[in-house]
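The values are calculated or read from the model by the stated rules, or taken from the named source; none is laboratory data. From a predicted model like this one, the values you see are computed outputs, not experimental measurements. Cβ atoms come from the backbone with ideal geometry, glycine included; neighbour counts cover every protein chain shown.
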Amino acid sequence: MSMLDQINSPKDLKKIPRDDLPKLAHEIRQLIVDVVSKTGGHLASNLGVVELTIALHYVFDVPNDKIIWDVGHQAYTHKLLTGRKDRFHTLRQHGGISGFPKITESPCDAFTTGHSGTSISAALGIASAKRLNQENSKVIAVIGDGSLTAGLAFEGLNQAGDIHKDMIVILNDNDLSIGPNVGALSSLLSRTFSTKYLQDLKKEMGVFLRSLPKIGQDAYHYAKRAEESFKAFVTPGMLFEAFNFDYFGPIKGHRLNHLIDILTNIKNIDDPVLLHVTTQKGRGYPPAEKNPVYFHGVGCFQVKTGNKISCSIAPSYTEIFGNAMVELAETDTKIVAVTAAMPEGTGLVKFSKQFPDRFFDVGIAEQHGVTFAAGMATQGMKPVIAIYSTFLQRAYDQILHDVCLESLPVTFAIDRGGIVGEDGPTHHGLFDLSFLRTLPNMVVMAPKDENELRRMLLTAINHSGPVAFRYPRGTGTNVSIDQHIKPIPIGKGEILTQGNDLLILAIGTTVTDALEAYHLLQKKNIDATVVNCRFVKPLDAELICDLAKKIPHIITIEENIRQGGFGSAVLELLHDEGIHNLQIKRLGVHDTFVEHGPRKLLLKKYGIDAQAIVTAAESMMTAS
C-alpha cells in the first residue's frame, strides 16, 4: 500500500513518521506528473511546492487553520492531502475538480483564487474576522515571488504590519512567475545567503568586536542581541522588516525536517511573520526542471520524454499576433510592446529578442502596465499592451482614467478572449466586450480569423486613439495569410452570405459558427444573411440598420456575457434608430460564471455554437 493511499485527510498525514515523508513527496510528484500529462495543467509550480505543502499540513490544523494559496496554480498537493485524492484524475475536467482552490469544492479551500497577489489581503481579512470572533486558529498566505510584484500584495503587507494581525506569510521564492521574474524586487530577492556564509560572517564580526579595547565585550553582546537585525540587513528580510513583519529565512524549501521545525517554531508567534522559502520550480521531473517556463501551464504530454501531444497543424492566434508585431515593428520604430509577466503567453518572446529596447515586461502589475503604456503614448510612441482578458480586468480604472480620458493611442491586444476551457471561471475572458465598449473614445474589435487579427493589429496601431481587439486561446482556423497586412476601416463590417429569411450578426470567433449554421439552415430552406460585424464599438450602424429594415428576424451571437455586450449594443442601436417590429434573439453567456471544461463542450452548453443558432432560427421562424 502506498503512503498516499493512507491519507484521506490532513489528520491522516500527521500519523506518518517524519522519516517516511520524503517517500510520500516522491509518490505525490509521480501522481501529479501522471495526471497532468493526461489532463494538462500547471505542472512546474506544483512540483516545486510538494515538500512545503506537506510541511504546512503536518504542522497546521486545516481546515481550522486557513491556508490561502496565491493564484492557486500550486495547490495540487494540497488537494491530494485534503480528501480529493480519489477525484484527482478528474482535474480540470468538466464536472471534475478545479485546477485552483475553490471554496465551494472543499472546506479546506479557505479562499477561491486564480489571480495573482490576492492571498495576503484575503488572509488579513480572515485573520481580522477570526480575532473579532475570538478564534485562535492560524491564517497562512502562501505567495510566490512573481505574485509579490503585484501592488495588491504590498497593500496587504502594509496594512498587516500596521495593525499587527496574527498571520503568517510564506514567500515561495523560485525566481520565476510564468516566465523569469523582472524588476528591482526580483533582484533583491535573489540576494540569498547560505547559512554557512551568515555564520562565518557573524563569527568574524564577533572576533573583531571582542578585539576592540575597553568596549569590545559590550559591543559583542549588543551585536548578539541585534542578531535578527543583522540578518535582516544582509538578506531580503530588510524589506519585510520595514513592513513590521518578523522575517525568517531564506531557507531551502525541499528539506522537510527543516521546514517542519521552523513552521512549528513560528506557529506560536502572535505578530505578523514572513517565512522566506526557496524552491525549485519543476522539481523531481527532469523535463520540467530543464524548462519550467514551458511546463508552467502545459497541455497533454508524454511522461517519458515531456514532449507535447498535439495533432493541430494550425498556428495559434497568439503566435500569429507575435509574428505580426515583429513584422510591423521592422518598419515602424514607434511601436513598443508591453506585457505583464507573460512574454511567452502573449507571444512576444520573438519581439523581445529582436527589439529588446522596445520591449517592456512590467511584472504582474497590469494596472501599472496600462498607465506606463499611457505615459509612452503621450511621447509619440505606439504602445501595444498584450494581456489576457481575465487579467486586464484588474486595470479597468487605468484604462478609463489614464488612457480613454485623453484618448491616448494605446493598443490593447487581448488574448484568451471568450471561453478558455479547463482553467475555469477565474480565467474565462467573458466580460471584456461589455466593460470596454462603455468607455468613451475606445474602439473595440474582434477578428473572425487569424488573418483578420493581423489586419486589426495594424488598424489599431494606425488609429489616433485607444483600441482594443480580443482573440481566443488556441489555434486559428488555418486560413491563408495575406502577404501584406492591410488595415480595416474603423466601424465597417462585411456581409459574408446573402439571404432574406434571417439576419445573423456575429462577432469574432462566432463568425465561423454563423457560417456553419448558414449551411445547416439552407438544408432546412432557411436563407440567412451572415454579417461579420468586426466592431462592437463603433458598430457599422448603416449596414446593420439597412439590413434590419429588410430582414426583421435577427440573431446576434457573441462569446461574451450577454449583459452589456455585442447583442446589447445592437439592441441599443436599433432602438435609438427607431427600427421596431423586429424579432431579436441574443446568443451569449447568460448571467453566470462558466465552470471549467473543454471549450467545445462549454460553447454547446451555453448556446454559443452553430447548433444554437440553428435552434434559435427554427424557433423564430416557426413563431412568425
It is to be established whether one or more residues within region 461-469 are at pLDDT below 95, buried (at least 19 other Cβ atoms within 10 Å of the Cβ) and not aliphatic (A, V, I, L, M). no
Residue check, Ile544 among the β-branched types (Val, Ile, Thr) and either assigned to a strand (DSSP E or B) or farther than 30 Å from Asn323 by Cβ (or both): yes
The one condition Lys524 fails out of (1) of a type outside the set (Phe, Trp, Tyr); (2) out of contact with any Lys or Arg (no Cβ under 7 Å at 6 or more places or on another chain); (3) touching a residue at least 60 places away in the same chain (Cβ under 8 Å); (4) assigned to a strand (DSSP E or B) is (4)
Which pairs do you get when a residue that is buried (at least 18 other Cβ atoms within 10 Å of the Cβ), found in region 19-31, comes within reach of a residue that is hydrophobic (A, V, I, L, M, F, W, C) and not in a helix (DSSP H, G or I), reach meaning Cβ atoms under 7 angstrom, with the pair 6+ apart or on two chains? Leu24/Met3; Leu24/Ile16
Conditions first: (1) surrounded by fewer than 16 Cβ atoms within 10 Å (Cβ to Cβ); (2) among the β-branched types (Val, Ile, Thr); (3) at pLDDT 95 or above. Val479 passes all but one, so which condition is the exception? (3)
Tally time: how many residues in region 457-493 are more than 24 Å from the chain's Cα centre (by Cα) and not charged (D, E, K, R)? 22
Pick from region 337-360, criterion buried (at least 23 other Cβ atoms within 10 Å of the Cβ) and not in a loop (DSSP other than H, G, I, E, B), ranking: farthest from the chain's Cα centre (by Cα): Phe351
Failed item in (1) more than 25 Å from the chain's Cα centre (by Cα); (2) among the acidic types (Asp, Glu); (3) not in a loop (DSSP other than H, G, I, E, B), with Glu406 passing the rest: (3)
Could you please find all residues in region 69-79 being out of contact with any helix residue (DSSP H, G or I) (no Cβ under 6 Å at 6 or more places or on another chain) and assigned to a helix (DSSP H, G or I)? Lys79
Which residue is surrounded by the fewest Cβ atoms within 10 Å (Cβ to Cβ), if the candidates are limited to region 363-382 and must be under 22 Å from His115 (Cα atoms) and without any contact (Cβ under 8 Å) to a residue 60 or more places away in the chain? Phe372
Does Phe154 count as surrounded by 18 or more Cβ atoms within 10 Å (Cβ to Cβ) and of a type in the set (Phe, Trp, Tyr)? no
Checking Phe566 against (1) surrounded by fewer than 16 Cβ atoms within 10 Å (Cβ to Cβ); (2) within 23 Å of Asn451 (Cα to Cα); (3) among the aromatic types (Phe, Trp, Tyr), only one condition comes out false. Which one? (1)
